[in-house]
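Shown next, in structure tokens, is the structure this report addresses.
A short reminder: the numbers here are calculations on the coordinates, not readings from a lab. Every value quoted in this text rests on a predicted model; they were computed, and no experiment measured them. Heads up, the Cβs are rebuilt from the backbone with ideal geometry, glycines too, and the neighbour counts pull from every protein chain shown.
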Amino acid sequence: MLCFTYGSNMSHRRLQARVPSARFVAVAELPAHRLRFHKSAGDGSAKCDAEETGNPDDRVIGVVYEIDDGEKPDLDRHEALGFGYEEKQVELASGRDQIQAWMYYATRINTALQPFHWYKDHVLIGARENGLPVEYIAQIEAVESIDDPKPERHGRELSIYGKS
């Protein structure tokens, strides 16, 4: 099955740590949506959302991965499906191709929250390794992030890249 990722799961190492079958398919755009860091997470921080705007000029750029059907329940657990994220089918543009995929979208929103530095790092690593446009990456870099009150989580999260 095809999954559109636009936040921390754009990082191949992050996604493969959750679902080992993840295989890159394409970089794609989701029209009439915008990237927001406003999904209220259980750890007290903000995570990514592809907010539907209806504006044809808005777009979220992300990565389509193919994952084994049997691993989807594992990813659903990691993403807290039903507890802040729901899922929907979307039509994406990738060059001249149209791709149908499913994606998670936020249902618990708190615009007062900010992402932890490590979470924003996952998003940026995924954006860079997949060659997203420089101006789009700059928009992500401009998002303010905060220290995680549990510093050991910061190190654990980024250890998959050989750094902390």
Quick check: is even one residue across segment 71-92 under 21 Å from Pro31 (Cβ atoms), in contact (Cβ under 8 Å) with a residue 12 or more places away in the chain and of a type in the set (Lys, Arg)? yes
Residues of segment 139-164 classified as within 13 Å of Asp43 (Cα to Cα) and in a helix (DSSP H, G or I), total: 3
Would you point out the residue of segment 115-164, among those that are of a type in the set (Phe, Trp, Tyr) and closer than 20 Å to Leu35 by Cβ, that is surrounded by the fewest Cβ atoms within 10 Å (Cβ to Cβ)? Tyr136
Matching residues in segment 96-119 - criterion: being without any contact (Cβ under 8 Å) to a residue 40 or more places away in the chain and not polar (S, T, N, Q): Arg96, Tyr104, Ala112, His117
Filter segment 16-37 for residues that are over 21 Å from Ala106 (Cα atoms) and not in a strand (DSSP E or B) and give the result. Gln16, Ala17, Pro20, Ser21, Ala22
Qualifying positions in segment 43-70 - without any contact (Cβ under 8 Å) to a residue 24 or more places away in the chain and within 22 Å of Gly131 (Cα to Cα): Asp57
